[in-house]
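A short write-up of the structure that comes next.
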Amino acid sequence: MLLKDLFRKQRKYATIPSPEAKKEIPEGIMQKCPRCGTIMITKELEKNLKVCKSCGYHYSMTAPERIRSIVDEGRFFEYDEDMVSEDPLGFPEYKKKIKADMDKSGLKEAVITGEGTIGGYPTVIGVMDSRFRMGSMGSVVGEKIARAAGRAVDKQYPFILFSASGGARMQEGVLSLMQMAKTSAALEKMHRNGLLFVSVLTNPTTGGVSASFSSLGDINLAEPGALIGFAGRRVIEQTVRQKLPDDFQTAEFLLKHGQLDRVVPRHELRDTLIKILEFHAYGRETQ
Amino acid sequence: MKNGYLPFEKPLAELRDKITELKKFTQEKSIDMSDEIATLEAKAARLEEEIYGNLTAWQKVQIARHASRPTTLHYIRTIFTDFMELHGDRLYGDDPAIVGGIAKLDGRPVTVIGHERGTDTKDKIARNFGLPHPEGYRKALRLMQQADKFGRPIICFIDTQGAHPGVEAEERGQSEAIARNLREMAGFKVPIICIVTGEGGSGGALAIGVGNRLLMLEHAYYSVISPEGAAAILWRDAGKAQEAAEALKITSADLKALGVVDQVIPEPKGGAHRDPMQQSAYIKEAILENLQPLLNMTPEELVEDRHRKFAEIGRYTTIVPT
Ligand SMILES: [Zn+2]
């Protein structure tokens with residue numbers, strides 16, 4: 001394991017491939033902002049980190065796009081890239097849905113984990129992708145995140161995780177639920193070892209993901225307008241039988257209620273993360 | 001149905017009524033029909049075996065939700081002695097949907113915590129039917145930290161439909177409260193035994209469920225989502241909860257097979273509500289049996305043991321790149 005790691009580390013970080021880029025072009029060279037209706041050329045939008053130029057609406061980023069926007073020169077070494085889901089419960093339609101999402105997204109699961117440098121700081125990075133089963137957490141997502149936290153402990157690196165998830169994955173039943181405990185336990189070990197974990201909550205982060213690792217950052221950041229919460233809005237409305245405020249369960253709502261450290265616009269995110277990494281690198285041996 | 005019988009128990013209920021009637025009749029008339037009665041009783045025993053030996057997931061859910069099913073406070077009062085309830089999270093309030101405190105287990109002080117659904121209507125409303133708010137989870141955390149400090153084993157009773165879905169719960173950080181418990185429980189240096197006694201409803205159940213051992217009553221269920229919720233999402237029809245209950249694999253036998261539950265605790269015929277004292281005895285026996293080996297572990301071994309348990313849960317595979 002160690003030898004293999006050393007060998008792999010000496011390889012240059014590979015530039016992250018972008019299979020989805022080809023697929024997006026035929027879908028339309030224009031994009032209409034769902035909030036203000038402004039139409040932008042897709043290429044321009046991507047150049048602007050998928051933020052609407054008129055109203056600042058943050059479109060969802062794919063995991064490869066996110067990684068390219070955060071790591072130095074887009075260079076990233078992926079962990080566990082071949083791990084895929086089984087169908088442990090024999091759940092109706094599950095295998096078919098996994099296959100369809102693989103084909104659609106070019107991903108193997110709802111999270112990509114790996115390492116790269118950010119502002120020169122070696123960092124373990126995890127990025128969820130809501131195109132794959134709504135970013136839901138089953139065994140693979142839980143295992144990859146737990147292993148990434150384990151690598152952070154082994155290498156004494158900080159861990160930054162971008163969440164985008166509808167919660168635990170129903171089709172793996174209680175095994176999905178238990179991934180909440182597995183990931184949180186892995187973070188407990190990081191915590192005990194005095195290592196930095198930064199959670200960046202992006203749209204949407206709800207249910208079992210919101211109620212496990214994504215709320216456990218030493219610093220919890222969120223993107224503007226991101227939907228973040230435990231229970232679904234409709235379930236709450238049915239329970240309390242009252243109209244909920246418009247900003248309910250947004251990043252701004254959470255900030256107001258003391259549940260977040262900062263809401264950070266996407267254009268400032270990389271610099272903010274570098275600053276946080278710099279604060280926590282002080283006095284540590286550089287590697 | 002009367003006497004707390006559930007719909008699928010109807011044939012058995014009717015047969016038992018018949019036997020009771022016949023016994024009364026023969027006594028009044030002083031006639032001997034003991035052969036007939038014996039035959040009917042044998043038939044009832046067979047029927048009982050047939051019904052309770054082949055319960056579907058949905059039938060088990062009905063038993064787990066039975067209005068007379070014993071609650072956490074019953075178990076605490078009958079399994080332990082000297083229970084002293086402790087209140088509040090020291091931050092916001094005291095959530096009666098979770099109870100906790102210190103008690104003695106065969107003379108040994110332990111910290112006991114559990115969801116409490118309440119018994120009569122007034123009590124149930126006061127306890128929000130066992131659906132906790134963040135302050136409930138934070139009270140549980142405070143009591144567990146106290147146990148950790150003083151080296152007391154922790155026993156958790158899990159019985160909730162889930163965390164309360166409400167505006168204030170979100171404002172006060174329901175997600176953070178649950179997440180923090182998961183992380184902190186993973187790191188405590190004392191033995192933790194968790195027992196699903198009724199409904200194990202998703203994250204709201206798991207928030208006091210990160211133990212060295214997870215035990216589960218025979219007819220309890222533990223699920224990532226309620227069968228009704230799953231049916232609504234899958235088939236846009238909450239009425240298909242029966243199918244969802246099967247598909248989700250939520251029974252004690254399922255969880256044992258999936259490697260999540262360590263031991264299934266038997267229930268009296270028909271469920272815990274048929275003989276609550278017997279149920280307490282079964283649970284106590286299981287707690288003692290599981291606690292003993294944990295008491296022989298060092299604090300570091302206990303933490304390692306718990307980490308290993310959860311690290312091993314899950315199913316995945318790797319594909320060989322071509
Ligand atoms: Zn816009």
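Quick notes
- When the stretch A:31-66 is filtered for residues that are within 15 Å of A:ARG266 (Cβ to Cβ), surrounded by fewer than 15 Cβ atoms within 10 Å (Cβ to Cβ) and away from the ligand (no atom under 14 Å from the Cβ), only A:LYS47 remains.
- When the stretch B:298-311 is limited to residues that are more than 9 Å from chain A (Cβ to nearest Cβ) and open to solvent by 30 Å² or more (accessible area, probe 1.4 Å), the one that is nearest to A:TYR94 (Cα to Cα) turns out to be B:ARG308.
- Among the residues of the stretch B:219-242, those that are at the interface with chain A (Cβ under 9 Å from one of its Cβ atoms) and modelled with pLDDT under 95 comprise B:GLY229, B:ALA230, B:ILE233, B:LEU234.
- Test: residue in the stretch B:260-267 that is surrounded by 15 or more Cβ atoms within 10 Å (Cβ to Cβ), of a type in the set (D, E, K, R) and away from every other protein chain (no Cβ under 14 Å): yes
- For A:LYS97: the one exception among (1) within 16 Å of the ligand (Cβ to nearest atom); (2) more than 30 Å from A:GLU188 (Cα to Cα); (3) open to solvent by 10 Å² or more (accessible area, probe 1.4 Å): (1)
- Residue in the stretch B:112-122 that is closer than 23 Å to A:GLY208 by Cβ and out of contact with any helix residue (DSSP H, G or I) (no Cβ under 6 Å at 6 or more places or on another chain) present: no
- Some residue of the stretch A:71-88 being within 25 Å of A:ALA281 (Cβ to Cβ), β-branched (Val, Ile, Thr) and more than 16 Å from the ligand (Cβ to nearest atom): yes
- In the stretch B:282-314, residue nearest to A:GLN171 (Cα to Cα) [restricted to those that are in a loop (DSSP other than H, G, I, E, B) and free of Cβ contacts under 8 Å to residues at least 12 places away in the same chain]: B:GLY314
- Conditions (1) over 21 Å from B:GLN279 (Cβ atoms); (2) open to solvent by less than 70 Å² (accessible area, probe 1.4 Å); (3) among the acidic types (Asp, Glu): number failed by B:GLU21: (2)
- Considering the stretch A:150-201, and only residues there that are within 13 Å of chain B (Cβ to nearest Cβ) and of a type in the set (Asp, Glu), the residue that is farthest from B:ARG306 (Cα to Cα) turns out to be A:GLU172.
- Filter result for B:THR72 (touching a His at 6+ places or on another chain (Cβ under 8 Å) and either at pLDDT 95 or above or surrounded by fewer than 21 Cβ atoms within 10 Å (Cβ to Cβ) (or both)): yes
The values are calculated or read from the model by the stated rules, or taken from the named source; none is laboratory data. All values reported here derive from a predicted model rather than from experimental measurement. Heads up, the Cβs are rebuilt from the backbone with ideal geometry, glycines too, and the neighbour counts pull from every protein chain shown. Ligands, DNA and RNA are stripped out before the accessible areas are found, and what is left, the full protein with its side chains, is counted by its heavy atoms. Shrake-Rupley method; radii C 1.70, N 1.55, O 1.52, S 1.80 Å.
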